[in-house]
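Let me begin by presenting the structure, written as structure tokens, before commenting on it.
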Amino acid sequence: VSTAASSTTATGMSADEAVPLNFNENPLGLAPKAQQAVLDALPNAWRYPDAARSQLMAAIAESISVAESQLIYGNGSSEVLKMALDALAQTNSQLVMPDPSYGVVIDYAMARGIPVLKVKLDGQWQTDLAKMKAKVAAHSGPSIVYLCNPNNPTGLLLPQSELNQWLDQASSQLSFIVDEAYVEYVAQAGFASAVERIKQGQQHIVVCRTFSKIYALAGLRVGYGVAHADLIKQMQAQASIDNANLIGCVAAKASLESPQWLSLSLQSNNQAKALVYQQLAKLGLDYLPSETNFIFHKVNGDSELYMQRMAKAGILVGRPFNHGEGWNRLSIGTPAQMQYFSKALAKFRELGWV
Ligand code: PLP
């Protein structure tokens, strides 16, 4: 089975396509075993997805050592975020979250009339847990805290012990949604997933995970949530019936059974990331060391204009973020794609654009 990386040009894309470095996808594409599973399952796609979904959920439960009753399927982790908010929201709840961070939860909260308090990242681009705690303390009603670990768009992990201490205070008045969309990329020693708190019995934490990133199934929409079984029941009540699709389920299960593809994806990501770090350092453009498949880096100037100029050069880079003026989030493609990007960036420097 061929991969996206081995197609026509040096960028891995056909000549008329832009290089997609804007949505944090895995450029290697589906694991060969996942592609085969899709083909094998296609003749059965006239059936409802129950069996394929059950098999996937059992495989996920085994892979992260939780009970199936502690898991919920989502049509992407975006749906899990929505179900978590619906299950956790009470009268007078507020949502507290870092800014910039992954913003979809803001739209969900606003549609539900839940006020959103955004807490600016600190001077080191770190999630400001102390300020977030203060916002919680200042509110008379319940708080739902959204945390993205590692954070998007910075790629930084949250401070582990401070995070653990706060998660241990979870209660009916203080619940947490921890978004771990990029957890498979994390290399830092000492990192512990918030899933560990759920295993210890915490009842007011939801962890959101996805198959859209390292597992390369963004187009098939498979995500899941981990929480206490009682909370999962409350979330399940918010799910639309048959929100799974059979093809996504078989692809996700086969992806879990493809550890070599995962290693290859990590290896490619690390190699490509190193190339970009090198070029950014050479050009004197600051960047944050990333625990993910994207890099937040300086572009010296208007972020929107930079994005438009890159698009004209055939490269789609990340959108501007609040408080990130003069910075851009770059998704990591294949090493060849990142070499192509590096050349474009050098050209931008020659033109005085970065
Ligand atoms: N959470 C984070 C932090 C993300 O960056 C994304 C997608 O970019 C998502 C969740 C949503 O992913 P999906 O709905 O495809 O699982």
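FYI, it's all coordinate maths here, none of it is from the lab. In this text, all values refer to a predicted model and were calculated from it rather than measured experimentally. Here Cβ is always computed from backbone atoms with ideal geometry, including for glycine, and neighbour counts include all displayed protein chains.
Whole angstrom only: what separates the Cα centroid of region 86-127 from the Cα centroid of region 154-171?
16 Å
Starting from the exponent 0.38 and prefactor 2.2 Å, build the expected Rg for region 32-256 from its residue count and divide its actual Cα Rg by it.
For region 32-256, the normalised Cα radius of gyration is 1.01.
Sorted by packing (mean other beta-carbon atoms within 10 Å per residue), highest first, where do 17-23, 255-261, 211-217 land?
Top to bottom by mean Cβ count within 10 Å: 211-217, 17-23, 255-261.
For n ≥ 4 DSSP H runs only, could you compute -39500 (n - 2.57) per run for the chain, divide by its residues and tell me the 222 nm figure to the nearest 500?
Computed mean residue ellipticity for the chain: -11500 deg cm²/dmol.
Please list the equivalent ellipsoid semi-axes of region 98-231, computed as the square roots of five times the alpha-carbon gyration tensor eigenvalues, in descending order and whole angstrom. Please list the in-between numbers first.
Details: eigenvalues 92, 61, 58 Å².
Values for region 98-231, descending: 21, 17, 17 Å.
Any chance you could count the Lys pairs in region 216-354 whose alpha carbons are under 16 Å apart, treating pairs 8 or more apart or on different chains as valid?
9
What is the Cα convex hull volume of region 168-272 when expressed per residue in Å³?
Values: hull volume 13.1 nm³, N = 105.
Roughly 125 Å³ of hull volume per residue.
Show log10 I(q)/I(0) for region 191-343 at q = 0.14, 0.17, 0.21 Å⁻¹, two decimals, from a solvent-free Debye sum over equal Cα scatterers.
-0.91, -1.10, -1.26
Show log10 I(q)/I(0) for region 17-106 at q = 0.16, 0.21, 0.23 Å⁻¹, two decimals, from a solvent-free Debye sum over equal Cα scatterers.
Results for region 17-106 at q = 0.16, 0.21, 0.23 Å⁻¹ read -1.04, -1.24, -1.26.
Exactly which chymotrypsin sites (Phe, Trp or Tyr not before Pro) in region 274-354 are in a DSSP loop and have at most 11 other Cβ atoms within 10 Å?
Passing both the DSSP loop test and the Cβ count: no residue.
For a quick protection proxy, order the peptides 78-84, 181-187, 134-140, 116-122 by their average other-Cβ count within 10 Å, most packed first. Display every interim value, and only then the final one.
Values: 78-84: 25.7, 181-187: 20.0, 134-140: 13.0, 116-122: 16.9.
The most tightly packed comes first, giving 78-84, 181-187, 116-122, 134-140.
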